[in-house]
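First up is the structure itself, then whatever we jot down about it.
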Amino acid sequence: MERQVDTITFSVEQAKQVMTTQCPFCSVQCKMEVVEDRSGRRPSYQVTAIPNKASEGRLCVKGMNAYQHAVSRERLLHPMIRKNGSLTRVSWEEALEAVGSRFAQLQAEHGVHTLGLYGGGSLTNESAYLLGKFARVALQTKYIDYNGRFCMSAAASAGVKTFGIDRGLTNTMSDIPLAECIILAGTNIAECQPTLMPYFTRAKDNGAVIIVIDPRVSATASIADIHLQVKPGMDAALVNGMLKVILDEKLTDESFIAARTKGFSAVKEHVDALNLEEIAGYTGVSVELIRKAAISFGKARTGMVFTARGVEQHADGHMAVRNFLNMVLATGKIGKAGCGYGAVTGQGNGQGGREHGQKADQLPGYRLIENPDDRAYIAGVWGIEPEELPSKGVSAYEMMELVHSGDIKGLFVMGSNPIVSNPNATLVEEALERAEFLVVADMFLSETAKLADIVLPVSAYLENEGTMTNLEGRVLLRPAGRPAPGEARHDWQILCDLASSLGKEKYFSFRQPEDIFNELRLASRGGIADYYGITYDRLRKEEGIYWPCPALDHPGTPRLFGESFAHQDGLAVFQTVDSLSPAEQPTEEYPLYMTNGRMLSHYLTGVQTRRSPVLTAREIENILEIHPLTAQKHRLEDGVLASVQSSRGTVIVRTKLNSGIREDTLFIPMHWGDAQNVNRATNALLDPNCRMPDFKTSAVKVQPLAEYLQELREKELMTE
Ligand SMILES: Nc1nc2c(c(=O)[nH]1)N[C@H]1C(S)=C(S)[C@@H](COP(=O)(O)OP(=O)(O)OC[C@H]3O[C@@H](n4cnc5c(=O)[nH]c(N)nc54)[C@H](O)[C@@H]3O)O[C@H]1N2
Ligand SMILES: Nc1nc2c(c(=O)[nH]1)N[C@H]1C(S)=C(S)[C@@H](COP(=O)(O)OP(=O)(O)OC[C@H]3O[C@@H](n4cnc5c(=O)[nH]c(N)nc54)[C@H](O)[C@@H]3O)O[C@H]1N2
Ligand code: SF4
Ligand SMILES: [Mo]
């Protein structure tokens with residue numbers, strides 16, 4: 001079949017190639033122009049920000065240097081198959097045939113559900129949609145999930161339960177400077193969405209009180225008026241304390257509660273019975289500071305709350321977010337200018353990636369795979385019978401457990417590096433080593449791709465046209481700027497090609513991303529995330545369109561919940577939240593908390609940013625943020641190698657003394673693999689409401705590396 005491969009024209013003789021694109025990294029999706037100049041001995045690149053409504057023409061250091069990995073010599077240029085133990089170049093024909101026949105053979109021997117698919121939030125909407133369709137239609141397996149499970153699942157499920165809808169921000173960024181009080185809870189915007197910081201500094205210039213909740217004085221905490229240095233995993237309790245003060249001081253918005261919500265009386269009863277001193281004990285935050293923060297938020301006429309992974313990546317992450325939403329509702333701060341809630345979405349397409357069917361229990365448009373009407377609708381769009389659709393599968397980490405146990409024998413990974421990003425990485429590594437058949441589609445030989453039986457090379461952001469939905473729910477069209485290098489193909493193309501090799505080409509006869517988007521529009525029509533009214537033509541003319549957008553003449557929906565919430569009765573739902581954390585707590589053997597997160601110059605597992613010379617030069621290895629007194633107690637100086645051990649594994653990192661972190665807490669970034677992978681130590685305890693792992697709270701011990709190695713040697717001698 002003839003397929004239109006690139007929507008651009010490009011000739012190598014051309015001296016200058018001007019590419020209008022979007023940053024491939026975080027959820028802001030800053031627009032930029034990259035100019036490739038081939039007139040010299042080596043190509044040179046110039047990057048300029050393009051003014052737009054989200055980033056207002058700013059770029060951070062990652063965006064400025066994002067072209068570096070895309071033009072890296074380490075890009076994968078052709079498919080590879082493992083032969084005699086090593087990955088060997090083969091043709092696409094051979095690779096596709098091998099994947100198709102091995103998939104078919106495994107399914108014939110072990111049943112359809114022996115295959116699992118694992119996607120990611122950097123895929124375009126078109127590829128994410130197609131991956132979900134590929135799982136359900138081409139393979140008919142129920143096992144599909146994606147890395148966003150580790151990212152947005154707690155906040156997304158909380159939004160659905162409280163508001164009836166999950167969209168990162170309930171309003172536009174331009175509302176931020178109108179807020180009189182802003183809570184930034186477990187969100188380090190200064191390093192993770194840097195180009196958004198001016199919205200917050202503008203609010204501060206307007207007199208807003210900024211409250212930061214974080215165990216560290218993060219870069220974001222530098223703008224805080226009030227900093228609540230909470231113990232890891234204790235956000236739910238902290239908000240109970242703040243709610244109690246808001247109730248005691250009569251700062252609730254009674255008319256809003258009566259008209260727009262339900263379930264408040266149970267929360268009131270629950271919170272009334274709590275003791276503030278006890279909460280101060282759990283959280284490590286004084287009664288005085290809890291009161292100060294609560295009164296600031298309660299008294300402000302307008303206000304916003306933002307949460308991110310610091311609050312959400314816990315075994316009670318869902319409930320912790322719901323408690324923040326309780327506080328938003330109790331004070332009536334939603335649905336009007338300067339008010340609202342934001343779950344600060346992480347990945348470039350973290351928002352769109354979760355709307356169109358990569359999640360184990362969801363179909364496109366946020367439809368549910370277990371709902372008969374939703375099944376019937378999607379089956380109609382896809383031209384199959386509803387009975388042919390599988391039921392729901394399991395979450396990302398649980399899929400790894402099934403690979404480990406041999407229940408899933410073949411795994412297809414597209415757009416993720418699960419060995420580094422899953423909790424309890426040692427088990428995951430073992431699982432992928434045991435897998436009978438592992439296929440990885442990536443731009444680079446990531447830690448996960450190194451273990452694959454077949455590696456498929458994909459195009460990068462400069463090459464792949466498609467839509468991305470940013471953290472505000474704004475759908476943006478990212479054009480392609482140059483052809484993919486070597487034989488690399490687009491993700492969507494690979495899925496169509498694989499479907500052909502499985503004899504399912506009639507369901508995957510797309511010639512270009514726009515065709516896929518047009519089917520996605522139909523599939524999402526009438527769903528919660530309704531994209532029906534959004535077209536490529538409109539996206540080319542307008543700067544971006546906020547979903548829901550149900551009709552071609554609909555302007556999109558920048559601010560939600562002005563009149564009613566998305567539940568059938570229009571009301572938002574309060575939920576009582578327990579103060580006790582289910583997380584692992586320090587013991588005599590493992591006396592400290594370890595939490596983790598990000599640094600400005602690296603992105604996620606670092607596969608891309610570690611291949612950028614400028615970004616790598618800024619941070620060349622993993623570090624351990626540790627309080628000077630804690631370091632001293634554990635015989636550690638600044639800049640030395642230390643081992644951090646939990647009951648699950650050990651990570652080796654270089655100390656960086658920081659008097660701005662709690663004495664009982666260590667912080668380690670997540671951007672490195674192998675011995676420096678923090679996930680060797682993290683805990684895979686899952687949140688029962690959304691299956692988010694408890695990444696951010698592990699009990700650990702720390703010691704100088706030399707001491708740890710000596711102990712290992714002694715143990716080995718004893719067993720010899
Ligand atoms: N530079 C950079 N930017 C990124 C990314 C990246 O890798 N690098 N990744 C993108 C993605 S996918 C995501 S999801 C976002 C993540 O964005 P964030 O969630 O903002 O990033 P983190 O650093 O994981 O965590 C934020 C803060 O939570 C704090 N924290 C840790 N434990 C707790 C706790 O128990 N309670 C509270 N209240 N705070 C706690 C940490 O100290 C940290 O400062 O960033 C996106 N942007
Ligand atoms: N300890 C700890 N662990 C965490 C977190 C934490 O805070 N702490 N955060 C979690 C979060 S929020 C997230 S989002 C996950 C992310 O975890 P991962 O999904 O592992 O993230 P990436 O490093 O972005 O991996 C993406 C891979 O896909 C490739 N890639 C990039 N773009 C494309 C594309 O368009 N197509 C294809 N096929 N491949 C592409 C990249 O080269 C890379 O190898 O990590 C989670 N893990
Ligand atoms: S990493 Fe995020 S803030 Fe930085 S340029 Fe890219 S999209 Fe913008
Ligand atoms: Mo994320």
- Evaluate the distance, in nm, between pseudo-label points positioned 7 Å from the Cα of LEU274 and of ASP569 along their respective Cα→Cβ axes. 2.4
- Task: Sort ARG102, ARG216, ARG41, ARG662 from largest to smallest accessible area, using a 1.4 Å probe on the heavy atoms of the protein chains.
- Result: ARG41, ARG102, ARG662, ARG216
- Message: Based on alpha-carbon centroids, what's the gap between region 186-201 and region 672-706 in Å, whole number please?
- Response: 25
- Per DSSP, loop GluC sites (Glu not before Pro) in region 503-583 with at most 10 further Cβ within 10 Å: GLU563
- Compute the normalised compactness of region 592-719: alpha-carbon radius of gyration over 2.2 N^0.38 Å, N being the residue count. 1.09
- So what does log10 I(q)/I(0) come out to for region 334-470 at q = 0.09, 0.10, 0.18 Å⁻¹, using the Debye formula with one equal point on every Cα and no solvent? -0.37, -0.46, -1.20
- Query: Too long at a 24 Å Cα-Cα cut-off: which of LYS204/LYS231; LYS262/LYS336; LYS268/LYS292; LYS392/LYS696; LYS244/LYS292; LYS133/LYS450?
  - Reply: LYS204/LYS231; LYS392/LYS696; LYS133/LYS450
- Of ARG367, ARG82, ARG42, ordered by accessible area with the largest first and a 1.4 Å probe, the sequence is ARG42, ARG82, ARG367
- Message: No solvent, one uniform scatterer per C-alpha: report log10 I(q)/I(0) for region 628-700 via the Debye equation at q = 0.13 1/Å, two decimals.
- Response: -0.41
- Message: Leaving out ligands, DNA and RNA, and with a 1.4 Å probe, what % of the accessible surface on the chain is carbon or sulfur?
- Response: 50
- Item | Solvent accessible area, Å² - LYS161, 1.4 Å probe, full protein context | 110
- Message: Over 5 Å intervals from 0, what percent of Cα-Cα pairs in region 83-128 sits in each interval?
- Response: 5, 16, 15, 16, 25, 19, 4, 0
- Compute the separation of the alpha-carbon centres of region 56-116 and region 419-457 and state it in Å as a whole number. 10
- For GLU542 and VAL112, what is the calculated FRET efficiency with R₀ set at 51 Å and r taken between the beta-carbons, to the nearest 0.05? 0.75
- Task: With viscosity set to 1.567 mPa s and temperature to 4 °C, compute the Stokes-Einstein D of region 480-575, Rh being the Kirkwood radius across alpha carbon pairs; µm²/s, no decimals.
- Result: 80
- Task: Among THR682, ASN188, GLN29, flag the residue with its Cα farthest along the positive direction of the charge dipole of the chain, charges on Cβ as +1 for Lys/Arg and -1 for Asp/Glu.
- Result: GLN29
- Message: Straight-line reach only, C-alpha to C-alpha below 17 angstrom: list the aspartates and glutamates that LYS16 could link to, leaving out same-chain residues fewer than 8 apart.
- Response: GLU33, GLU36, ASP37, GLU463
- Note on the structure: Probe 1.4 Å, heavy atoms of protein chains only: per residue, the accessible area of region 226-346 in Å² is 31
- Net +/- balance of residues flanking GLU637 in space, Cβ distance below 12 Å, scoring K and R +1, D and E -1: +2
- Message: Apply the a/c threshold of 1.5 to the C-alpha gyration tensor of region 153-343 and tell me whether it is rounded, prolate or oblate.
- Response: rounded
- What is the sum of charges around GLU625, taking Lys and Arg as +1, Asp and Glu as -1, for the other residues whose C-beta is under 15 Å from the C-beta of GLU625? -2
- Top to bottom by accessible area (1.4 Å), largest first, where do LEU604, LEU106, LEU685 land? LEU685, LEU604, LEU106
- Query: How big is D, in µm² s⁻¹, for region 44-104 by Stokes-Einstein at 10 °C and 1.306 mPa s if Rh is the Kirkwood radius over C-alpha pairs?
  - Reply: 104
- Only helices counted: for the chain, with every DSSP H run of 4 or more residues adding -39500 (n - 2.57) and the sum spread over all residues, [θ] at 222 nm is -9000 deg cm²/dmol
- For GLU707 and ASP638, what does the FRET efficiency come to when R0 = 22 Å and r is the distance between their Cβ atoms, rounded to the nearest 0.05? 0.85
- Query: What translational diffusion coefficient, in µm²/s and rounded to a whole number, does the Stokes-Einstein relation yield for the chain at 10 °C and a viscosity of 1.306 mPa s, taking the hydrodynamic radius as the Kirkwood radius over Cα pairs?
  - Reply: 61
- If a/c stays under 1.5 just call it rounded; otherwise compare a/b with b/c (prolate if a/b is bigger, oblate if not). Do that for region 216-324, with a ≥ b ≥ c from the square roots of the Cα gyration tensor eigenvalues. rounded
- Note on the structure: Here the membrane-span-like helices of the chain, with no claim about any membrane, defined by DSSP H, Cα axial extent at least 24 Å and mean Kyte-Doolittle at least -0.5, are 92-110
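The values are calculated or read from the model by the stated rules, or taken from the named source; none is laboratory data. What you see is a predicted model, and the numbers here were worked out from it, not measured in a lab. All Cβ positions, even for glycine, are placed from backbone atoms using ideal geometry, and neighbour counts span all protein chains on display. Just the protein is used for accessible areas: all its heavy atoms, side chains included, with ligands, DNA and RNA removed. Shrake-Rupley method; radii C 1.70, N 1.55, O 1.52, S 1.80 Å.
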